[in-house]
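Here is the structure we will look at.
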């Protein structure tokens, strides 16, 4: 029996080496087609080359730049993702949400740029520890841009409070001004 296993092991190793050699040759160009393609030999038109569209010019006026999503929008979403993670960490550690966003600073990684203001508007994010509920939904609005600084969009953090065996969950989302207004009803004034 031991001889049979060794013989099969040697065979398997030979097969593996042969496959790896073939793959290496293919990657090195050993299987690259030579000469014209069968379509070209038969007189068929070659495939058209698809070129990417030319890059769009960024607006140069401040008003046009404010309407165009850019790096500040990405930085805002990234900052809210960082805050979202810190809110979850704080909740797991303390079994409640912090009183203010600045309470999250000690939990931030040393190499993380901790901030509680929107990079696009420079205004502090609005934080509602109890969350702003919306009728018909279990999700609440926890953090949002003070103004729609992203071309009429406010970036927000929405949370689903823990229920039963489900933990606290958060999402960073873009809200149009209309969606934001529907969520922030007269009974839920922003603070």
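The values are calculated or read from the model by the stated rules, or taken from the named source; none is laboratory data. In this text the structure is predicted, and so the values were computed from the model without any measurement. Positions of Cβ are backbone-derived with ideal geometry, glycine not excepted, and every protein chain shown enters the neighbour counts.
Name, by its number, the condition in (1) modelled with pLDDT under 90; (2) surrounded by 11 or more Cβ atoms within 10 Å (Cβ to Cβ); (3) under 30 Å from residue 161 (Cα atoms) that does not hold for residue 40.
(3)
Please specify each residue of segment 83-124 satisfying the condition of being assigned to a loop (DSSP other than H, G, I, E, B), farther than 27 Å from residue 166 by Cα and touching a helix residue (DSSP H, G or I) at 6+ places or on another chain (Cβ under 9 Å). Please lay out each step first, then the result.
As a first pass, look at segment 83-124 and keep what is assigned to a loop (DSSP other than H, G, I, E, B): 95-100, 108-116, 118-123.
This time we only want the ones that are farther than 27 Å from residue 166 by Cα, so: 110-116, 118-123.
If the condition is that a residue be assigned to a loop (DSSP other than H, G, I, E, B), farther than 27 Å from residue 166 by Cα and touching a helix residue (DSSP H, G or I) at 6+ places or on another chain (Cβ under 9 Å), then 112, 113, 114, 115, 116, 118, 119, 120, 121 are the ones that fit.
Each row is one residue, and each column tells you yes or no for (1) farther than 25 Å from residue 74 by Cα; (2) in contact with a strand residue (DSSP E or B) (Cβ under 8 Å, 6 or more places away or on another chain); (3) in contact (Cβ under 8 Å) with a residue 24 or more places away in the chain; (4) surrounded by fewer than 18 Cβ atoms within 10 Å (Cβ to Cβ).
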| site | (1), (2), (3), (4) |
| --- | --- |
| 109 | no, no, no, yes |
| 118 | no, yes, yes, no |
| 138 | yes, yes, yes, yes |
| 149 | no, no, yes, no |
| 165 | yes, no, no, yes |
| 173 | no, yes, no, yes |
| 179 | no, no, no, yes |
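Can you name the condition, by its number, that residue 130 falls short on among (1) within 15 Å of residue 161 (Cβ to Cβ); (2) modelled with pLDDT under 90?
(2)
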